[in-house]
Amino acid sequence: MTKYIFVTGGVTSSLGKGIIAASLAKLLQARGFKVTIQKFDPYINIDPGTLNPYEHGECYVTEDGAETDLDLGHYERFLNVSTSQANNVTTGRIYKYVIEQERAGAYLGKTVQVIPHITDEIKRRMQLLGQSGEYDIVITELGGTVGDIESLPFIEAVRQLRWELGNNDSLVIHLTLVPYLAAAGELKTKPTQHSVKTLLEYGVQPDILVCRTEHKLNQEIRKKLALFCNVNVNAVVESIDASTIYDVPLLMLKEQLDKTVLTKLKLSTKHEPDLENWKTFLGRLKNPTTEVNIGLVGKYIELPDAYKSISEAFIHAGSTNETKVKVKFIAAESIDSKNVAEKLRGLDGVLVAPGFGARGLEGKLSTIKYVRENKIPFFGICLGMQCAVIEFGRNVLNLNGANSYEMDADTPYPVINLMEEQKNITDMGGTMRLGAYDCDVKKGTKAFAIYGKAKISERHRHRYEFNNAYLKDYEKAGMIASGVNPKTGLVEIIELKDHPFFIAGQFHPELKSTVANPHPLFVSFVAAALTHKKSATK
Ligand code: GLN
């Protein structure tokens, strides 16, 4: 019998529901339970795939090619378990399904309504993963804040499910804010009282309160919250600001969130949480012996969430290298051929980020030319790889005006071309090359040395590809395809022979980096940056 935990949010957005859900899942997993997390988002887009990163942060891609909320990245990084299409559901997806059913005549002449038809569909989806029999516990995070109009059907579905499943098999955790009023010198419980009241109006009594706070909650505050919100005192959990999100599982352990959950769900623990590897990771993260400066050149740099998985992958790789990785975000448009040396000064390595569209292209090309010629470690991801190919075409192969078809449909040298399978696609949503594909890594290349194997699989999200008509010329000049898709021949990894570290992938390695398995490309890139730094200081 699968147990269900629902996580709601109150008072404000951005409280970190995803981190709390992932931390709780980590603790339960460390106790031997099989856990998954899913996110239900109240917006009407079918998925975040068509959203500008400024709207919604990074779009995370799963193995099976779902374009999802970035919280799924946290789930995977914490649990080291893959998520899938079923782990992220939006209002749009629910309504689309119900309306298609209606058109197909499935409702037999009935009026189709939010209750029961929409809520039934929400409940069905909430239980899909649970019914697979793969999990002991399913944690469902509800996006948005309690009281939002758009999240009402989700809360109503939770109310109904709680009633159907009963108290021993489900519980609700409400994440809330306990603000500190500096002028009064006090923590305030009123916003939490109000948001729990709102939940109660909808018929949902939370079982556990997780309180985000800048200051410790004393016993008096805990008692007050318990009394006003009808929960046990030990179900008032402090979630104090942490210096890294990777501290949160241990903070929740200290607050016994996992124990409280198990008691309420009438589950007996399999063993005490085994967090040895996690603690080793944290120990290295917090006690670096050295540091490196990495530049991240991209076009969405005002919003660090747009590159969430890349930032986290650097944290994982930093821990492995016992190195503090300082990532400096640099706006691609601010770079040109004249100021590039100035812009990249002091950097031990440069990553050119994924992206779409022509804005900032010339800055990226100037960056790549500079790091290629000056033998500074370079790592390109997706558009970053495509830019490396364009730069090499223009400046080494003298293909004047070489470009990606995405940026210039009239380029005389389309070294990056629209993929064959993309040519007849007109819809934007969910139509890129998405999800995991196999890649053969050539023996004797740097990529092979880094991965240590010939068969890998990485996740993709793109429409354009290396144009194989130019491959021979590129390889002759020293840029080789060290990774190729075995079925289609698509170039997946390029590297330079005569450069200490110049590697780029058409895929997104950052999506597979976890605490348990830091991604080898990031680990090696950081190591290369360290080597570069040492030789530069000499
Ligand atoms: N815009 C490029 C493409 O669609 C790269 C995409 C990306 O960087 N994710 O192929």
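The values are calculated or read from the model by the stated rules, or taken from the named source; none is laboratory data. All figures in this text were calculated on a predicted structure; none of them were measured in a lab. Cβ sites come from the backbone with ideal geometry, for glycine too, and all protein chains shown count toward neighbours. Surface areas here come from the heavy atoms of the whole protein model, side chains and all, with no ligands, DNA or RNA. Shrake-Rupley method; radii C 1.70, N 1.55, O 1.52, S 1.80 Å.
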Among residues of segment 362-411, those that are on the phi > 0 side of the Ramachandran plot and within 12 Å of the ligand (Cβ to nearest atom), counted: 1
Pairs with Cβ under 8 Å, 6+ apart, first in segment 456-483 and at positive phi and away from the ligand (no atom under 12 Å from the Cβ), second of a type in the set (D, E) and open to solvent by 40 Å² or more (accessible area, probe 1.4 Å): G478/D498
Elements of type helices (runs of 4 or more DSSP H) in segment 2-99, at least 3 residues being within 30 Å of P116 (Cβ to Cβ): 17-30, 71-79
Qualifying position, being within 17 Å of G130 (Cβ to Cβ) and buried (at least 18 other Cβ atoms within 10 Å of the Cβ), among T62, T2: T2
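Here is a yes/no grid of residues against (1) more than 22 Å from E67 (Cβ to Cβ); (2) touching a residue at least 12 places away in the same chain (Cβ under 8 Å); (3) assigned to a helix (DSSP H, G or I):
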| residue | (1), (2), (3) |
| --- | --- |
| G380 | no, yes, no |
| E391 | yes, yes, yes |
| G401 | yes, yes, no |
| D410 | yes, no, no |
| N417 | yes, yes, no |
| G429 | no, yes, no |
Selection status of L434, in contact (Cβ under 8 Å) with a residue 12 or more places away in the chain, away from the ligand (no atom under 13 Å from the Cβ) and open to solvent by 10 Å² or more (accessible area, probe 1.4 Å): no
Considering residues of segment 494-509 that are of a type outside the set (A, V, I, L, M) and out of contact with any Pro (no Cβ under 9 Å at 6 or more places or on another chain) only, the residue most open to solvent (accessible area, probe 1.4 Å): K497
Residue check for T269: at pLDDT below 95 and surrounded by 14 or more Cβ atoms within 10 Å (Cβ to Cβ): yes
Sole exception among (1) open to solvent by less than 40 Å² (accessible area, probe 1.4 Å); (2) within 16 Å of the ligand (Cβ to nearest atom); (3) under 20 Å from the mean Cα position of the chain (by Cα) for G318, by number: (2)
Count of residues meeting criterion [in a helix (DSSP H, G or I) and under 23 Å from Y54 (Cβ atoms)] in segment 341-356: 1
Unmet requirement for A353, which otherwise passes all of (1) away from the ligand (no atom under 16 Å from the Cβ); (2) in contact with a strand residue (DSSP E or B) (Cβ under 6 Å, 6 or more places away or on another chain): (1)
Residues satisfying the stated conditions in segment 148-173, i.e. touching a Pro at 6+ places or on another chain (Cβ under 9 Å) and within 18 Å of C229 (Cα to Cα): L171, V172, I173
Inter-residue pairs, beta-carbon under 6 Å, first under 23 Å from R461 (Cα atoms) and in segment 329-357, second basic (K, R) and at pLDDT 95 or above, 6+ apart: A332/K364; V352/K364
Members of segment 95-146 found to be among the basic types (K, R) and open to solvent by 50 Å² or more (accessible area, probe 1.4 Å), listed by number: K96, R103, K110, R124
